[in-house]
Structures are given as C-alpha cells and as structure tokens.
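Enquirer: Before I ask anything, here is the structure I am working with.
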Protein chains: 2
Amino acid sequence: MSTFSRTLKNNINEVVKKVLDGDVRTIARLITLIEDGSFEIADILAKLHTYTGKAHIIGITGPPGVGKSCLIDKLIREYRKKGLSVGVLAIDPTSPFTGGALLGDRIRMKEHSTDSGVFIRSMGSRGSLGGLSKATGYAVKVLDASGKDIVIIETVGAGQTQVDIIKYAHTVVLVLMPKIGDEIQAMKTGIYEIGDIFVVNKADQENADQAVREIEEFVEYEYERLKERGVHPIWKKPVIKTVAVKGEGINKLVEEIEKHKNFLIESKIMEKLKIEKSKSEVLEVLSQKIYEHILRKTGTDEEFKSILHKVASGEVDPYSAANLLLKKFILNWEA
Amino acid sequence: MSTFSRTLKNNINEVVKKVLDGDVRTIARLITLIEDGSFEIADILAKLHTYTGKAHIIGITGPPGVGKSCLIDKLIREYRKKGLSVGVLAIDPTSPFTGGALLGDRIRMKEHSTDSGVFIRSMGSRGSLGGLSKATGYAVKVLDASGKDIVIIETVGAGQTQVDIIKYAHTVVLVLMPKIGDEIQAMKTGIYEIGDIFVVNKADQENADQAVREIEEFVEYEYERLKERGVHPIWKKPVIKTVAVKGEGINKLVEEIEKHKNFLIESKIMEKLKIEKSKSEVLEVLSQKIYEHILRKTGTDEEFKSILHKVASGEVDPYSAANLLLKKFILNWEA
C-alpha cells in the first residue's frame, strides 16, 4: 500500500478537502489510484459525489492526425481568458504500443503546467481491474469536484472503448479535416451520430468547403429524420471550420459549445442525462457488489468447484451452471 | 429479427448440427449475431459448449506493421499441409476508424477462401451490447465446436481490450521485428509477459540478432525470477527468427507451438486453464443474469426512481444508493 493509499484510508476527510481545494498533487495521485483500478477509491468517490455536477464536460474525438491536441491547447487558452478553470483527460485506449503520439501531445500541453487553473492528464490502460471507460468516469468526477469549470475528455479513434468514454461528455465535438472523405465514407454513421458539434480543422487546406458540405448533408438528413419521428426540441448540429495552429475559429467553437450547453439545460435534456448517468452508475456499483459477494461465497464452496470441473470437461454448460449457482447463492443472500 | 435469427429460435438443433458439420454460412451468421451482441445466442452457445475443448487456440499479437498477417498466412499453409483445419479470428478493437489495415489483410487471406478447411473472419466493435472481448470468446467457442483443429486469434497492439482477448489463447505468440528497440523499451514488461513464444519477424533486416538478444535477456530474467519463486515446471520461452514473406522459420514456429501445447498438457496447466476459463465464464453469466434481474425489478419501481433523482442532484452517492437497493431487491430474489 502506498503512502497516499494509507493517507486516503486514515484521513479521508483531509483528502476530500484537498481535492475540493484543487490541490494538484492530491488530484494526480487520486487519478493514479483510479487508473490502477484500486478498490480503495470507492469511499472517497462516494464523498466527492456530493460536490459534483457543476462542470461542463466536453468530449473531443476524431481520427488520429486531425489536430485534436492543438485544438484543445487553443480551447484551454480561450477558456482561461474568460477566467474559467479547465481539466483535460487525454485517453488512449491503445497504449502502451501507440503511446508515443499522446506522449508528444502531453509535452506540448506542458506550457500550461505552470497555470494552476489548468490540469492535464493522460490516461491509458494501466490496471487490468475495471475498464478504462469506468476509470475515465471516476477521473471526471474528481476533476468536477475539484471545481474545474470545464472538463475536456480527449479520445483518439472511435472504437467501442472510445464510444463508451465519450458518453461521459455533455457536449461531444467531432474533429475531422479535409481530404479524408473516403475514410469518412467508410465510417459507420454511428460515428457521426455521437457528435454534437462538427469541426473541420486545417480548414485552410483545399477541399475544406467540400468536407463541410458533406457533413452538413448528413446533419440535414439526420435533422429531418428526427423531425419525422416527432423529436422536439432538436439540436441543429453546427459545422465549424477551424485552423487550430493559427487560432482561427476557436471563438466560434467556444460559442457553439456554450449554445449547446444552454440547449441541454433549457430543454431539460441535461437533467435527463444526469439521471441516466446516475442510473448506470448505481447499477454498475450494484452488479459489482453482487459479483464480489458471489466470488466470496463461491471461493470455498465444494459444489462450486465440482460444477466448474464439469463445465471445463464439457459435461455442463456455463448457462446451466449459472442457474444452479443462482439458486444456491442468491436465495441465501445476506446484504 | 433476421431469417437466421428465426431459424435459430425454431430449429436450434438443426443449427447446432450445421455448426458441428462445419457449415461455413451457418458459422459466419452465428458470428455476426455474436458481434451484434444479440441475446438470442445464449441457447445455442450452451448447446455448443459440450462439443468444445478440442481445438488448440493460438493468440498472435504484436505492434502494427511487424507482418502478423503474412505470418498467419504461412502458418495456415503449414497446418493445412499437416491435414489440420484452421479457423482465424482477426480482431480489431479500434475499428471503424482504422479498419482499413485489417480489410487489406482480409483480402490477402482470401486465397484460402476456396479451402473448406480454413475459416477466416474479421471482428470489430459492431454492437454496443457486450464487449469485443466477450464476443471473441464466443466466436472461438463456435469455431472450436465446428471441429477446427487450430483456432488463431489475431490482435493488433496491446491495449487492455487486446490483453483481454489474448487470454482466450492457450499459446500466445508475440511478434516483433528488428529496429523497434526503442518502442520495446517504452513498453511495459507486462506485454512481454503475455507471450509464450517470441517471433522476431523480418529477420533478414539488420539488427535482427540484437533484437533476439534483447528478448532473450528478458526471457532469462523472467525465467530466473520464476525459479526463485519456486514455480515448477517453467516454460522456457523460445525466441524464433522468421522471414514470413519467404516462409522462413515457419516450420520452427509450428514446432514450438506444438511443444508449448504438450508442455501445457503434461504439466496439467491446460487443465487448470480450462477450469479458470470455465470459472470466469460462469461468473460472467451469473453477473449478467443478476444485472438483468435487477434491471427488470427496478424498471417500474418508484423508490428506485426517487433514489436516482437524489443521486443525480448529489443528495445521495451511488454507493449508498446501491446498498439501499441491494437490501430491497436481493432479499426478495426469486430465481
């Protein structure tokens, strides 16, 4: 057990206080524990929960190489100018093999490291306990409780883990660039659907207008389809051109993020989102607790061992085995 | 519901028979249902379970660009020469964005498509229900039941999803190449630890011997550490040089895979692996069933709704909420 783990165990209120004060070292250590899948974090997350719900959570995703990190760098400056504090979680589900790219980004973002209003952290698949998606959710909670006005989640790609991660965001910005038309064609529209705001970055390259038009066609199509289905109100997804390296279009992006936030609040969708998020959190804790209960109960049980041997030899299938065990262990459930 | 879903529902024994006969279309459709996270597959997987346990399952992993697909292509030829049937699952957790690479590989492997003793299939993150890792486990089960002597699981990279996937393999082949020394240095040794056999492919490039030496140093270090801990017997991991494009070293690789298989059987580690796998399968089905039960019970429950509102507003934390609900729903559990 690390020194910090011990501090956490014995002085949980002190750690809570430090997080609420925005203490960078405490926040960083807590996120490391989360990343390691440490069991010790449940108590502190429970305590921090009461202080969450204030941050606006922005997801930024898109294919590699479109300039997401540069865009985030400029977004941070813009928010800092407005006096807002910012937390960034750069999530790389494919690490360690492809860890290099994000490492570079991290170094680039170091220029904000002397600014106490900015907290930047990369997260990869360190621990095997619990998924990266779950860990991201917890880290967002810590940054939210620490008083960050804006929390940015950056993910690369759009595999399942990334889609799971981006669900924690209130506003999802999908970053694309010109000349990746073919790739976009090959993508499932599911990827488009996760975006609330589209950014065509590197818009000083040729074909930028064509890229914008293609996305706008999708936006129009999706809008009409939702209207037909009677959905109301519908957020009309904006398509923005940016040249992040020159800082162009960043103002507009911040403006649209703000508009989307207001849309969520006024339409009461934000409230529903928060209840949905609470539901999945509670159900997740629930199943984790039940799973641990069964693991404890079965650990020393002879019948369980004998059933496992039968499953291994192909005599009994896992489904029938589970039914047998449910009857045995759950009827005797003591909470 | 698709035609195949209906057939599956009404004529499950017929579908089972077709899988056991190795019918390619039935197997392909079943894997599509698995990929979609369809609930209808549980019954057939239960029935197929009895016919599994005969295939040797080989995991092939490593960074992109080391020549895994070419190596697999040559492995297939070698096994076919020996009269063994082969199933290949090429898993790409990062699709759809990076789906291109594997698509190319799939086309390359098409030359085996007229051979009924070979079944090749790519799998990505199609459905959101259930993870890709779980889907891979089910697909392996189907191929095993279909009578394939060898099942190869190919994964790219070494993120968490990939490590989860490779766990289904009895023998893990980690493919590397010369001149990626720096990347390897940056990798956690955890990646090395998952390999049972190391392949340095493209071994006609310079620095191949140096790469082999570096890996052998790790193997030696790990071996000594295990010996100190009293582990017995220990598999001494071989490091093989191959030039897959020229077919060099493939014989040797097949030989080492066979040796590793025999080691697993003679040391009774294979038996333990199968029991461990059964355990995680049973526990997974168990927690899934409990989760579904709770979801059903809570769906219409007023108290549950009211607790969720309190969690959303920060009044109650998810952990306390879960404890309340456990007491309420599990004590009334009827299987």
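Enquirer: What are the ³J(HN,Hα) values, in whole Hz, obtained from phi via the Karplus relation 6.51 cos²θ - 1.76 cosθ + 1.60 with θ = phi - 60°, for each residue of the stretch A:163-175 in sequence order, with x given for Gly and Pro?
Expert: Running phi through 6.51 cos²θ - 1.76 cosθ + 1.60 with θ = phi - 60° gives 5, 4, 5, 5, 4, 6, 7, 7, 10, 9, 9, 9, 9 Hz.
Enquirer: Still on this structure: Measuring label to label, 7 Å along Cα→Cβ, what does A:Gly299 give against each other copy in nm, shortest first?
Expert: 3.5
Enquirer: Determine the shielding of peptide B:286-298 by partner chains: average, over its residues, the number of Cβ atoms on other chains within 10 angstrom of each Cβ.
Expert: Averaged over the peptide's residues, the number is 5.
Enquirer: Go through A:Lys54/A:Lys74; B:Lys74/B:Lys167; B:Lys179/B:Lys272; A:Lys134/B:Lys179; A:Lys47/A:Lys327 and tell me which ones have a Cα-Cα distance over 28 Å in this structure.
Expert: B:Lys179/B:Lys272; A:Lys134/B:Lys179; A:Lys47/A:Lys327
Enquirer: So if R0 is 45 Å, what FRET efficiency would A:Asn13 and B:Lys54 give, r being the distance between their Cβ atoms, rounded to the nearest 0.05?
Expert: Result of the calculation: an efficiency of 0.20.
Enquirer: Could you work out the mean count of beta carbons from other protein chains within 10 Å of each residue's beta carbon in B:269-281?
Expert: 4
Enquirer: Please report A:Met270, B:Met123, A:Met177 as a ranked list, fewest other C-beta atoms within 10 angstrom at the top and most at the bottom.
Expert: Ordered from fewest to most neighbouring Cβ atoms within 10 Å, A:Met270, B:Met123, A:Met177 come out as A:Met270, A:Met177, B:Met123.
Enquirer: Right, here's the next one. Express in nm, to one decimal, how much length is gained between A:Asp204 and A:Thr114 on full extension, taking 0.36 nm for each residue of separation and deducting their alpha carbon distance.
Expert: Result: 29.2 nm gained on full extension.
Enquirer: Checking the table A:Lys328/B:Lys259; A:Lys17/A:Lys279; A:Lys9/B:Lys236 against a 31 Å threshold on Cα-Cα, which pairs fail?
Expert: Table pairs above 31 Å Cα-Cα are A:Lys328/B:Lys259; A:Lys9/B:Lys236.
Enquirer: Still on this structure, please answer the following. Roughly how crowded by other chains is peptide A:306-316, in terms of the mean Cβ count from those chains within 10 Å of each of its Cβ atoms?
Expert: Average per residue, whole number: 5.
Enquirer: Can you tell me the order of A:49-61, A:3-15, B:242-254 when each peptide is scored by its average per-residue count of other Cβ atoms within 10 angstrom, highest first?
Expert: Descending mean neighbour count gives A:49-61, B:242-254, A:3-15.
Enquirer: How high is the FRET efficiency between A:Ser313 and B:Ser313 when r is their beta carbon distance and R₀ equals 51 Å, given to the nearest 0.05?
Expert: FRET efficiency, A:Ser313 to B:Ser313: 0.45.
Enquirer: Hey, which aspartates and glutamates would be in cross-link range of B:Lys148, C-alpha to C-alpha under 19 Å, not counting anything within fewer than 8 residues on its own chain?
Expert: B:Asp21, B:Asp23, B:Asp73, B:Glu78, B:Glu111, B:Asp115, B:Glu255, B:Glu258
Enquirer: I would also like to ask the following. For A:Glu216 and A:Arg229 in the same chain, what is the full-extension length gain: residue separation times 0.36 nm, less their Cα-Cα distance, in nm?
Expert: Additional length available on full extension: 2.7 nm.
Laboratory data are not the source of any read-out in this text; all were calculated from the coordinates shown. Keep in mind that this is a model prediction, so the values were computed, not measured. Positions of Cβ are backbone-derived with ideal geometry, glycine not excepted, and every protein chain shown enters the neighbour counts.
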